[in-house]
1. Is the shape of region 109-243 best called rounded, prolate or oblate, per the rule: a/c under 1.5 gives rounded, else a/b larger than b/c gives prolate, else oblate, with a ≥ b ≥ c the square roots of the Cα gyration tensor eigenvalues?
2. I need the shape label for region 302-360. Rule: rounded when a/c is under 1.5, else prolate if a/b > b/c, else oblate, with a, b, c from the alpha carbon gyration tensor.
3. How big is region 122-377 along each principal axis, measuring the range of its Cα positions in Å and listing the largest first?
4. For Q213, what residues show an amide H to amide H distance below 5 Å, using hydrogens built from the backbone and excluding near sequence neighbours?
5. Please list, in order, the residues from region 119-155 whose amide nitrogen is less than 11 Å from a point placed 7 Å along the Cα→Cβ vector of L169.
6. Suppose R0 equals 30 Å; then what is the FRET efficiency for L158 and A330 from their Cβ-Cβ distance, rounded to the nearest 0.05?
7. At 0.36 nm per residue, minus the direct Cα-Cα distance, what do F149 and A266 gain on full extension? Give it in nm, one decimal, please.
8. Report the gain in length on full extension from R219 to A51: 0.36 nm times residue separation, minus Cα-Cα distance, nm rounded to one decimal.
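Throughout, read-outs are computed from the coordinates displayed, never taken from laboratory work. All values derive from a computational prediction rather than experimental measurement. A quick note on method: Cβ atoms are made from the backbone with ideal geometry, for glycine too, and the neighbour counts reach across all protein chains shown.
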Amino acid sequence: MSSSGKRLLQANEDQVDAAKSVANSEAGAVRLRQGGFNGDFVLSYAARASAIIVLLMLAVLMIVLFHSALPSIKLFGWRFLVTSDWRPNELDRPIVGADGKPVLDEDGAVQIETVPPSFGALPVIFGTIVSSSIALVCAVPLSFGAALFLVRIAPRALVGPVSFMIEFLAAVPSLAYGIWGLFVLCPFLQGHLEPLLKQVFSHIPGLSWMFYQRLESGRWVPIALTGRDMLAGGLVLGIMILPIITAVSRDVLRAVPRTQLEATVALGATWWESCVEMLKYSRSGLFGAVMLGLARAAGETMAVTMVIGNNSQIKASIFAAAQSMSSLLANEFAEATTDEHRAALIEVALILLIMSLAFNVVARSLVVGKTARSAAGH
């Protein structure tokens, strides 16, 4: 037999062996479906069940919080979001007449009225927004700069170690940040930075209000610079959200098509101008990274509780003590003795959960949508 005939015979034998192998595998699959173990079926439904369980956990959490906060919602309504009076206990105060003088009874004693407890979440909402905004002002420029360094400047051998060190900040417990802020940052702010800022800016028209507060009597008095204020809380939060914004921003910038950068350079753009165009191209994804950092900052508890001052008040100055929603829950929930107090605190937790969920949904849609559009462009 010629060599060509042998090769043809060998090819036919290979085809027969392949057909037998396919038939054996199909027969095995049939046996599994008829009574054996079907791994595809089990894994498919296990994955579906896992996703459903996660969604059910979130739904149950929302339902439980809403049910527990329902007495507060019915009692205070929308006033809970726009009032600032947080008084867990009853208050006895003299009755004041139309002339501004206390009302006396028949015996000449001052008449006393009992004011029921009242709860308003506006101060803690204000403290959460201001401290989170300070954190974003501090963290966003550093995060974008670090992401640009890792994507466009850093040598390949340096990208891994630098990324690890930045992401390691996310692994540090919040209690450690709080202790550092309490014993290192706050004394530094009180003894050095805040007095320097007051000396520089207090004499500038339009900025002196940052260092003074107006009392109920109408007098303006200097704010006591204690170092435990919204500035300290914002700085600690900025350090804590820096790794998550950096990590997401780095991934978003890496998804920018190389042709986009080469086109800007071909048109005569400098390195700086090409980076600006890169940021513009990724702006929706970068905004999603910022929203993720904002959600992280709004929900932080222990670190903020230790440095923000824990005073439920609304002051325009960042050097005044304040309180966030999470720090309010940490400080008062264990000591709440009345049903109204507990319901009000749970309503604050419900508001915080809705805020964080909204931030994450917006961030997820922006980041995933931007990545999908970038991938489709290739």
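1. Judged from the Cα gyration tensor, region 109-243 comes out prolate (a/c at least 1.5, a/b above b/c).
2. Oblate.
3. Its Cα atoms span 66, 47, 32 Å along the three principal axes.
4. The answer is V221, I223.
5. The answer is 138-147, whose backbone nitrogens lie closer than 11 Å to the label point.
6. On the way: r = 40 Å, r/R0 = 1.32.
Computed FRET efficiency for L158 and A330: 0.15.
7. Working: separation 117, 0.36 × 117 = 42.12 nm, distance 2.17 nm.
Full extension of this stretch gives 39.9 nm more.
8. 54.6 nm
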